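Student: If you scroll down you'll find the structure; I have some questions about it.
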Amino acid sequence: MEYFDMLKEACENEGLIFDETMYNNFIQYKALIKEWNEKINLTAITEDEEIIKKHFIDSIKVFEYPYVKEATKIIDIGTGGGFPGIPMKIVKPESSMVLLDSLNKRINFLNEVIDKLELKDIKTIHGRAEDFAQKAEYREEFDLAVSRAVANLTVLLELCLPFVKVGGYFVALKGPAIEDEIKDSKVALKVLGGHIQEIIEVNIAGSDLKHNLLVIKKIKDTPKKYPRKAGTANKNPIK
Ligand code: SAM
């Protein structure tokens with residue numbers, strides 16, 4: 001099957017229907033992932049169909065939910081090769097997107113993707129979440145923070161919630177087993193000003209992938225001392 005048809009079918013199986021530009025952007029993005037993956041480590045997923053399901057569809061499934069649909073100012077923390085941020089930007093071009101990662105090689109890749117796909121109102125940041133969340137121009141500035149495969153929930157809350165404005169959301173794209181993580185993060189959630197709004201089980205048609213979207217609402221300001229300096233959240237998690 002042609003890549004375009006495979007992509008369109010996978011999207012339609014999820015009830016997602018896009019215009020030609022969006023599909024073309026995904027095709028170009030896939031080609032860049034494959035090209036750069038030979039030079040730098042971007043992803044272990046290299047088969048066309050797997051890239052569609054495990055990266056593209058997985059990233060854009062979040063748009064089925066109002067927390068995400070209504071957000072205009074979004075940050076993707078630990079975006080790596082651009083997941084979920086780039087697919088989100090492709091299907092919602094009117095959103096304003098910031099992609100943050102501490103690995104410069106991946107940021108260089110993302111800059112090329114943005115350039116080639118001619119994406120507008122999207123910015124990359126090379127740095128650690130711990131440092132940028134303390135800067136006034138990023139702190140409590142976003143309607144929505146998203147993050148996939150970056151850290152356990154307690155650490156993730158400290159890295160991500162400071163970016164979210166009160167009334168906004170942090171959506172963590174998590175694996176199938178999150179009960180223990182949720183139990184362990186009770187104190188962090190309270191201290192950092194979050195509240196679990198909803199846990200949504202996500203299945204992807206034609207794939208054995210089972211994920212959970214953990215939707216956290218920011219209900220009060222995060223105390224200024226968080227996030228602590230780089231590495232501290234991992235070494236000494238809030239308990
Ligand atoms: N989100 C992408 C995905 O799902 O494919 C990438 C996941 S990758 C396993 C984790 C990424 O988070 C890496 O690219 C790493 O550089 C970045 N990262 C980890 N800790 C970070 C921090 N404190 N600040 C910024 N980026 C971080």
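Student: Scanning for something charged (D, E, K, R) and without any contact (Cβ under 8 Å) to a residue 24 or more places away in the chain, does the stretch 211-220 turn up at least one residue?
Tutor: no
Student: Filter the stretch 92-117 down to residues that are among the acidic types (Asp, Glu) and touching a residue at least 12 places away in the same chain (Cβ under 8 Å) and give me whichever is nearest to the ligand (Cβ to nearest atom). Break it down into steps so the answer makes sense when it comes.
Tutor: In the first step, residues of the stretch 92-117 are kept if they are among the acidic types (Asp, Glu); the result is 94, 101, 112, 115.
Now drop any that are not touching a residue at least 12 places away in the same chain (Cβ under 8 Å), which leaves 94, 101, 112.
Numbers: Glu94: 23, Asp101: 5, Glu112: 16 Å.
In this case the residue turns out to be Asp101.
Student: Separate question: Let me confirm something: among Ala172, Ala133, Ala145, which residue is closer than 21 Å to Asn104 by Cα and under 15 Å from the mean Cα position of the chain (by Cα)?
Tutor: Ala145
Student: For the stretch 63-87, what are the residues that are under 9 Å from the mean Cα position of the chain (by Cα) and hydroxyl-bearing (Ser, Thr, Tyr)?
Tutor: Selection gives Thr79 alone.
Student: Still on this structure, I have one more. Quick one: would you say Ile86 is under 28 Å from Pro162 (Cα atoms), modelled with pLDDT of 95 or more, within 13 Å of the ligand (Cβ to nearest atom) and in contact with a helix residue (DSSP H, G or I) (Cβ under 9 Å, 6 or more places away or on another chain)?
Tutor: yes
Student: Which residue, of Gly167, Gly206, Gly194, is more than 16 Å from the ligand (Cβ to nearest atom), at positive phi, touching a helix residue (DSSP H, G or I) at 6+ places or on another chain (Cβ under 7 Å) and in contact (Cβ under 8 Å) with a residue 24 or more places away in the chain? Don't jump to the end; show me each part of the working.
Tutor: Working: Gly167 fails: touching a helix residue (DSSP H, G or I) at 6+ places or on another chain (Cβ under 7 Å); Gly194 fails: at positive phi.
The unique qualifying residue is Gly206.
Student: Look through the stretch 51-73, keep the residues that are charged (D, E, K, R) and surrounded by 14 or more Cβ atoms within 10 Å (Cβ to Cβ), and return whichever of them is farthest from Arg106 (Cα to Cα).
Tutor: Filtering the stretch 51-73 for residues that are charged (D, E, K, R) and surrounded by 14 or more Cβ atoms within 10 Å (Cβ to Cβ), the one farthest from Arg106 (Cα to Cα) comes out as Glu64.
Student: Can you tell me which condition Leu173 does not meet? The list is (1) outside any loop (DSSP other than H, G, I, E, B); (2) away from the ligand (no atom under 14 Å from the Cβ), and all the others hold.
Tutor: All conditions pass for Leu173, except number (2).
The values are calculated or read from the model by the stated rules, or taken from the named source; none is laboratory data. Values in this document were obtained by computation on a predicted structure and should not be read as measured data. Note that we place each Cβ from the backbone using ideal geometry, even for glycine, and neighbour counts take in every protein chain shown.
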